[in-house]
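Inspection log for the structure reproduced underneath, given as structure tokens.
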């Protein structure tokens, strides 16, 4: 399957909301989905690193980096941990770095931009809180579906068997 969201919206439009089309794909997997885990942080990726160091099977981390683009909240080492720990994907409302390395990893990664500068690590931020990205509410334990067409959210897991998945 090359596209997920068009078929998903055809089958479940009443159950989906769409994040604004500001995200770009950086991981090897262009299509990914899973249960949402959230992190809200400001120029500090400590909780991103800590969260992705845990088992993430069937989960996607959505990071509200408040759209800040002057440093990266995800790089190759943290992304590698996410891949090893089975995360389906990571969505960063902020920047990533090490983009050539990220493209080799078998994980979905979307972000709004790139910056080679790392963040500080002060251990500041919140995990599993409701976040807001460009007027769209994202709740922990909801579900996210992503591909090159965009990022969709649902309050419940959707039946993907109708799409052959």
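Observations on the structure shown:
- Residue 51 vs. criteria over 15 Å from residue 108 (Cβ atoms), within 14 Å of the chain's Cα centre (by Cα), part of a strand (DSSP E or B) and touching a residue at least 40 places away in the same chain (Cβ under 8 Å): no
- Flag if residue 52 is in contact with a helix residue (DSSP H, G or I) (Cβ under 6 Å, 6 or more places away or on another chain), closer than 23 Å to residue 154 by Cβ and either buried (at least 21 other Cβ atoms within 10 Å of the Cβ) or at pLDDT 95 or above (or both): yes
- Residue check for residue 67: more than 11 Å from the chain's Cα centre (by Cα) and at positive phi: yes
- Residue within segment 81-98 that is in a loop (DSSP other than H, G, I, E, B), surrounded by 13 or more Cβ atoms within 10 Å (Cβ to Cβ) and out of contact with any strand residue (DSSP E or B) (no Cβ under 7 Å at 6 or more places or on another chain) present: yes
- Selection from segment 124-139 of residues that are within 8 Å of residue 40 (Cβ to Cβ) and assigned to a loop (DSSP other than H, G, I, E, B): 125, 129
The values are calculated or read from the model by the stated rules, or taken from the named source; none is laboratory data. This is a predicted model, so every value here is computed, not measured. Cβ sites come from the backbone with ideal geometry, for glycine too, and all protein chains shown count toward neighbours.
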